[in-house]
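The values are calculated or read from the model by the stated rules, or taken from the named source; none is laboratory data. Every value quoted in this text rests on a predicted model; they were computed, and no experiment measured them. So basically every Cβ, Gly included, is an ideal-geometry build from the backbone, and we count neighbours across all protein chains shown. Side chains are part of the model used for accessible areas, which takes the heavy atoms of the whole protein and leaves out ligands, DNA and RNA. Shrake-Rupley method; radii C 1.70, N 1.55, O 1.52, S 1.80 Å.
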Amino acid sequence: MTPLAEHIYYWESIYSEAESVDYFNRLASFTSLKQGLIHMFGKQLKTPRFESFHCIHPIPYRYSGQELPASPFIEPLFEIMKRVEELTGHTYNSVLINLYRNGMDSNGWHADNEKELGKNPVIASVSFGAERTFKLKSITGDKAHTIKLGNGSLMLMGGNTQHEYKHCIPKEPKVIEPRINLTFRTIFEQQ
């Protein structure tokens, strides 16, 4: 485990190459992976990636003007979550899966700070497949971090991270292979 900044940690490899390939193939076969719609700049646009939300309880996840219904929490999600919980010391009840088909799929600057995630969300991010660049920048603009998220890696963002930083997965036209990213989180039902 390598600390990147306060409350942000990176494990270069929590799975072997063979385990990572196996998990990638199993997750890529999920029929729940769909290209959604987001509201940006007053328009409704297709998300530049495929996504699927899974929760132990049937609680939907809302962000950027869209609502993702909760698909069942099935294997191999439980076994991956168990490993992540052992390493991070945190518990989770949901996961957002993102499938980036190649380097042209991306995720713009954002913070995971929705009300459903609580006051100081803890987000554990597991990557399978192509290595992709992950960027963090502080809201004040005085701190920035860039890291390559490799196959079988884990990154943890906790504490005030979602209030102090924004993060993104930028477009990388030279990347031709797909990547699957799982972001484990705890969703709280809104009253």
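Points to keep in mind about this one:
- Of the strands (runs of 3 or more DSSP E) that lie entirely inside the range 45-120, those containing 3 or more residues that are touching a residue at least 24 places away in the same chain (Cβ under 8 Å), open to solvent by less than 30 Å² (accessible area, probe 1.4 Å) and in contact with a Lys or Arg (Cβ under 8 Å, 6 or more places away or on another chain) span 94-100.
- Single residue of Phe53, Phe41, Phe73 found to be closer than 27 Å to Ser16 by Cβ and among the aromatic types (Phe, Trp, Tyr): Phe73
- Whether a residue is open to solvent by 10 Å² or more (accessible area, probe 1.4 Å) and under 14 Å from the mean Cα position of the chain (by Cα) was assessed, and Thr146 does not pass this test.
- Residues of the range 176-190 classified as hydrophobic (A, V, I, L, M, F, W, C), open to solvent by less than 10 Å² (accessible area, probe 1.4 Å) and either assigned to a loop (DSSP other than H, G, I, E, B) or more than 11 Å from Phe24 (Cβ to Cβ) (or both), total: 2
- Matching residues in the range 14-26 - criterion: being under 21 Å from Leu99 (Cβ atoms) and either among the charged types (D, E, K, R) or surrounded by fewer than 16 Cβ atoms within 10 Å (Cβ to Cβ) (or both): Glu17, Ala18, Glu19, Val21, Asp22, Asn25, Arg26
- In the range 141-152, the residues that are free of Cβ contacts under 8 Å to residues at least 12 places away in the same chain and in a strand (DSSP E or B) reach residues that are open to solvent by 40 Å² or more (accessible area, probe 1.4 Å) and not aromatic (Phe, Trp, Tyr) with C-beta atoms within less than 9 angstrom, at least six apart or across chains, in these pairs: Ala144/Lys135; Ala144/Lys137.
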